[in-house]
Amino acid sequence: MNPCDQPGLTPVDTAIEYLLSQVTPVREQELCPLEQACGRVLAKDVISPVNVPPADNSAMDGYAVNPGSLDSGRTPIGLFRQRGIVLAGEVFEGVLSAGECVRIMTGAVVPDGAKLVVMQENTEVVDAGVRVDHPESLRDGDNIRRAGEDIRHGEVVLAAGRRLTPADCGLLASIGIADVDVVRPLRVSLLTTGDELVAPGSELPAGKIYESNSFVLRPILARLGAEISAVTAVSDTLEAIQEALETAAADADIIITSGGVSVGEADFTRTAVEALGKLDLWKLAMKPGKPLAFGRIGKTLFLGLPGNPVSALVTLHQIGLPVLRSLSGETISPPVRIPAIASERLKKRPGRADYQRGIAELHDAGQWQVRSTGQQGSGILSSVSKANCFIVLEQERGHVEPGETVMVEMFDQWLS
């Protein structure tokens with residue numbers, strides 16, 4: 001059931017759950033060079049073609065030794081005849097017999113017959129060979145990294161739906177992967193409407209304001225790796241908005257607008273979308289960001305964000321990003337929130353979840369404390385610019401007094 005058909009305000013979690021149920025992920029994929037793959041979403045599981053490490057190797061500089069039997073109850077050999085040296089990238093030819101050793105460097109392949117590696121600091125070179133301190137403490141396998149210890153041949157290293165991190169790319173390189181199958185980038189059309197908007201750098205006539213929403217939303221979409229076509233300051237006429245939407249729907253996976261989805265006399269976006277497709281208009285139980293529109297124009301999704309810049313940003317981050325990430329084929333998890341102590345009074349009325357902008361700091365004894373960035377109006381972008389987190393106050397919670405515990409969501413890679 002569509003929760004927007006229910007009376008009252010729709011809780012944020014309910015809205016997200018429903019929206020995700022309406023998303024069919026993009027299936028088209030492409031082969032991407034590994035050096036360009038960071039941030040892309042895997043289209044297929046990556047299966048390792050090799051063991052990592054590929055062979056038993058030394059975890060440190062020292063001596064690979066064969067002390068004979070280590071479980072006979074007798075004191076192991078403490079003096080070894082050195083047969084050579086093996087460097088990283090080399091292989092020792094031959095087999096070590098009991099009482100023999102080779103000098104070995106970190107990462108070098110352990111010779112056949114060697115049962116352990118003794119670190120250099122626990123040895124002494126003497127005329128008769130290499131003496132090992134405390135031979136009774138030797139244990140089979142000491143300081144040896146076994147073949148496949150990190151990754152085994154045939155193992156699923158990274159699963160489809162993962163957005164690749166720098167460490168992931170290094171991991172893929174370590175198993176010899178040079179190209180990966182990834183989901184093609186999302187195609188996002190970003191529209192901002194309003195006759196009152198003027199481009200930054202232009203003279204500001206009386207009654208006008210500078211257009212800032214696209215400068216808030218576009219960088220987030222770019223970090224998502226989307227291909228963005230932006231149309232800013234679409235005229236507030238039904239004809240202009242409908243024409244822009246028709247053009248955008250021709251090749252976009254999703255259209256995102258800011259403004260024009262409320263009930264004002266000049267808010268034509270709702271009418272235009274309904275004329276071209278299907279639209280649900282929601283009233284979310286969140287602050288900032290009460291109005292939200294979601295629908296389709298043909299096969300293209302439509303997401304209508306509020307017009308105030310902070311409302312647009314918070315709604316895109318909390319509601320839009322889960323939709324976009326799911327659409328791109330990514331497997332997503334709920335945001336991480338941590339408890340913090342409020343260091344000041346936070347004003348709030350019950351009825352809507354409040355995403356106040358805050359500054360969280362780690363104080364003595366590992367305790368997080370948080371304070372607001374000041375005025376929290378939906379048009380005050382400086383409240384976000386100064387912040388490093390959202391203070392997430394529950395829907396039915398009232399004012400927060402100093403010393404009370406609140407939940408904090410630190411700004412992630414999309415906002416930092």
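Divide, for the chain, the radius of gyration over alpha carbons by 2.2 N^0.38 Å, where N is the residue count. Walk me through the numbers on the way to the answer.
Details: Rg = 30.5 Å, N = 416, 2.2 N^0.38 = 21.8 Å.
For the chain, the normalised Cα radius of gyration comes out at 1.40.
Ignoring solvent entirely, what values of log10 I(q)/I(0) come out of the Debye formula for the range 7-141 at 0.19 Å⁻¹ when each Cα is a single scatterer?
Relative scattering, expressed as log10 I(q)/I(0), comes to -1.04.
Ignoring everything but the protein chains, give the 1.4 Å probe accessible area of GLU246 in square angstrom, nearest 10.
Per-residue accessible area (GLU246): approximately 100 Å².
Please get the size of the charge dipole for the range 15-163, origin at its Cα centre, with Cβ charges of +1 on Lys and Arg and -1 on Asp and Glu, quoted in debye to the nearest 20. Present the calculation step by step, with values, prior to reporting the outcome.
Numbers: 15 positive and 22 negative charges, 59 e Å.
Dipole about the Cα centre, nearest 20: 280 debye.
Over the residues of the range 264-304, compute the C-alpha Rg and express it relative to 2.2 N^0.38 Å.
On the way: Rg = 10.8 Å, N = 41, 2.2 N^0.38 = 9.0 Å.
For the range 264-304, the normalised Cα radius of gyration comes out at 1.20.
At 0.36 nm per residue, and after removing the present C-alpha to C-alpha distance, how many nm does the segment from ASP251 to SER212 gain when stretched out fully?
Length gained, ASP251 through SER212: 11.5 nm.
Counting only pairs 8 or more places apart or on different chains, how many lysine pairs in the chain have C-alpha atoms closer than 30 Å?
For the chain, the number of qualifying lysine pairs is 21.
Just the number, please: carbon plus sulfur as a percent of the accessible area of the range 151-302, 1.4 Å probe, no ligands or DNA/RNA counted.
On the way: 3670 of 6940 Å².
Solvent-exposed carbon and sulfur of the range 151-302 make up 53 percent of the total.
Any chance you could list the semi-axes, whole Å, largest first, of the equivalent ellipsoid that the Cα gyration tensor gives for the range 172-244, using √(5λ)?
Values: eigenvalues 279, 47, 8 Å².
Values for the range 172-244, descending: 37, 15, 6 Å.
From the P(r) of the range 342-416, can you give the percent of Cα pairs sitting at distances over 14 Å?
Numbers: 1639 of 2775 pairs.
Every Cα pair in the range 342-416 considered, those over 14 Å come to 59 percent.
Using a 1.4 angstrom probe, figure out how much accessible area the range 262-416 has per residue, in square angstrom, rounded to the nearest whole. Don't skip to the answer; put the middle values down first.
Working: 6910 Å² over 155 residues.
That works out to 45 Å² per residue.
Quick one: grab Rg to one decimal and Dmax as a whole number for the range 99-203, Cα atoms only, in Å.
27.9, 92
Can you give the % of DSSP beta bridges in the chain that are antiparallel, to the nearest 5? Don't jump to the answer; show the numbers that get you there.
Working: 58 of 86 bridges.
Of all bridge pairs located within the chain, approximately 65 percent are antiparallel.
Over the range 276-388, one equal point on each Cα, no solvent: what is log10 I(q)/I(0) by the Debye formula at q = 0.12, 0.14, 0.17, 0.22 Å⁻¹?
Taken in order of the listed q values, log10 I(q)/I(0) reads -0.53, -0.70, -0.96, -1.30.
At 0.36 nm per residue, minus the direct Cα-Cα distance, what do ARG345 and GLU30 gain on full extension? Give it in nm, one decimal, please.
On the way: separation 315, 0.36 × 315 = 113.40 nm, distance 5.14 nm.
Contour length minus Cα-Cα distance gives 108.3 nm.
Under the rule of -39500 (n - 2.57) per DSSP H run of 4 or more residues, summed and divided by the residues of the chain, what mean residue ellipticity at 222 nm is obtained, to the nearest 500 deg cm²/dmol?
Values: 8 runs with 68 residues, N = 416.
Helix-only estimate at 222 nm: -4500 deg cm²/dmol.
How many Å² of accessible area per residue for the range 5-74, probe 1.4 Å?
Working: 3800 Å² over 70 residues.
It amounts to 54 Å² per residue over the range 5-74.
What spacing in nm lies between the two simple spin-label points modelled at GLU404 and ILE338, each 7 Å away from Cα in the Cβ direction?
2.2 nm
Using only the alpha carbons of the range 194-352, what is the convex hull's orientation-averaged projected area in square nanometres? Provide the component values of the computation, followed by the final result.
On the way: hull surface 47.9 nm².
Directional mean of the projected Cα hull area for the range 194-352 stands at 12.0 nm².
At 25 °C and 0.890 mPa s, grab the translational diffusion coefficient of the range 151-279 from Stokes-Einstein with a Kirkwood Rh over Cα pairs, rounded to a whole number in µm² per second.
Details: Rh = 17.6 Å.
Roughly 139 µm²/s, to the nearest whole number.
The values are calculated or read from the model by the stated rules, or taken from the named source; none is laboratory data. Here the structure is a predicted model, which means the values were calculated and not measured. Here the Cβ is made from the backbone with ideal geometry for all residues, glycine too, and neighbour counts use every protein chain on show. To get the accessible areas, we keep the full protein, side chains included, count just its heavy atoms, and leave off ligands, DNA and RNA. Shrake-Rupley method; radii C 1.70, N 1.55, O 1.52, S 1.80 Å.
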